[in-house]
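Before any comments, here is the structure.
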Amino acid sequence: MIDEIIGLYNYWVVIFLMMTGFYVVIASTNLVKKIIGLNIFQTSVFILYITMGKVADGTAPILEEGITSYSNPLPHVLILTAIVVGVATTAVGLALVVRIKEAYDTIEEDEIHDQDDSL
Amino acid sequence: MMLTIIDLTLLFFLVVIAIAVVRIKDLFAATMLLGIYSLLSASIFVTLDAVDVAFTEASVGAGISTILALSTLSLTARIEKGHPGPTWIPILVCAVTGLTLIYATFDMPWFGDPDAPIHQHVAPHYLEASAEEIDIPNVVTSVLASYRGFDTFGETVVVFTALVAVLLLLGGRKGEDNESNQNKDEGGAS
């Protein structure tokens, strides 16, 4: 039982963080807060991938004589790419928020809908 | 065992910070908490042997993201306008999705299991052959720049596209301001 909890604990925390980020994205009306929520979601996905790549008693995948067990390098590569892409998309999102602020003079979603009569 | 305890503690801190971000109304504080969140996840990456990911997360995730968010806050508003209490439909959606995902984790290989499917496919080849084929001690670098070089090229294209998009969104702004100012000037002159 304890083994199972330790074996799956990382995944459960990741899922909790993921859902926290998801909640902020769908429930918050502030656009900057939504992007912060998206970042929380994103980082939790990174932790999920890196958790899967870990080998017990393994070490960082840098080749060294006398070491036999390395963690899996493939998730590390994928997540390196994902981190950089994530920052790029965050930058685009925040730039959109700045433009919305200029056009509507607010970054609250409900006030934007009020101004547009779109909801 | 020691590593497991550190890992569990750091993950618990992450949970606390995530809850604080949800509850706090001050966007400046939320941004700072997000920076701490990134830094903590970088420490978790170190304990999980992903050192390259850790320093990318610490510099790009904790550094650049925070700067971007702070500069956005300086151009917009600092305090989030409150909405009354927690909203139940999103909580329900998140709870259902979360429980479904937790149900799915019971089929996942356990943490650190060396026989997990992920360790059986191409990863052993990278670890065994990259020293001869690429001749770089850091396997992550070999995979990133050589075996999966097209991925990295795609990443560069995405970053370039994002840069162009940001420039189009924010770069045109001054031009418009100048034009409207000029129009005003002309209007004033006539």
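Take the residues in region A:49-62 that are in a loop (DSSP other than H, G, I, E, B) and either of a type in the set (Asp, Glu) or touching a helix residue (DSSP H, G or I) at 6+ places or on another chain (Cβ under 6 Å) (or both); name whichever of them is farthest from B:Phe45 (Cα to Cα).
A:Asp57
Taking B:Ala129 as the residue in question, decide whether it is closer than 30 Å to A:Ile62 by Cβ, more than 9 Å from chain A (Cβ to nearest Cβ) and touching a residue at least 12 places away in the same chain (Cβ under 8 Å). In short, no. When the residues of region B:119-141 are filtered to those that are surrounded by 16 or more Cβ atoms within 10 Å (Cβ to Cβ) and assigned to a helix (DSSP H, G or I), the one that is farthest from the chain's Cα centre (by Cα) is B:Ser130. Candidates are the residues of region A:9-30 that are at pLDDT 90 or above, surrounded by fewer than 22 Cβ atoms within 10 Å (Cβ to Cβ) and touching a Lys or Arg at 6+ places or on another chain (Cβ under 9 Å); the one that is farthest from the other protein chains (Cβ to nearest Cβ) is A:Val25.
Listed by first and then second residue, the pairs linking a residue in region A:86-98 that is within 7 Å of chain B (Cβ to nearest Cβ) and within 9 Å of A:Ile35 (Cα to Cα) to a residue that is in a helix (DSSP H, G or I) and among the charged types (D, E, K, R), with Cβ atoms under 8 Å apart and 6 or more places separating them unless they lie on different chains, form an empty list.
Entry remark, region A:75-85: residues being more than 7 Å from chain B (Cβ to nearest Cβ) and surrounded by fewer than 22 Cβ atoms within 10 Å (Cβ to Cβ) number 2 in total.
Is it the case that some residue within region B:105-118 is free of Cβ contacts under 8 Å to residues at least 12 places away in the same chain, at the interface with chain A (Cβ under 9 Å from one of its Cβ atoms) and within 18 Å of A:Lys33 (Cβ to Cβ)? No, that holds for no residue.
For region A:38-57, taking the residues that are surrounded by fewer than 20 Cβ atoms within 10 Å (Cβ to Cβ) and more than 28 Å from B:Gly35 (Cβ to Cβ), the one that is farthest from the other protein chains (Cβ to nearest Cβ) is identified as A:Asp57. Tell me, please, whether a residue that is in a helix (DSSP H, G or I) and either in contact (Cβ under 8 Å) with a residue 40 or more places away in the chain or surrounded by fewer than 20 Cβ atoms within 10 Å (Cβ to Cβ) (or both) can be found in region A:63-74. Within region A:63-74, none of the residues are in a helix (DSSP H, G or I) and either in contact (Cβ under 8 Å) with a residue 40 or more places away in the chain or surrounded by fewer than 20 Cβ atoms within 10 Å (Cβ to Cβ) (or both).
The values are calculated or read from the model by the stated rules, or taken from the named source; none is laboratory data. Everything numeric here is computed off the predicted structure, so don't read it as measured data. Using ideal geometry, Cβ is built from the backbone for each residue, glycine included, and neighbour counts are taken over all protein chains shown.
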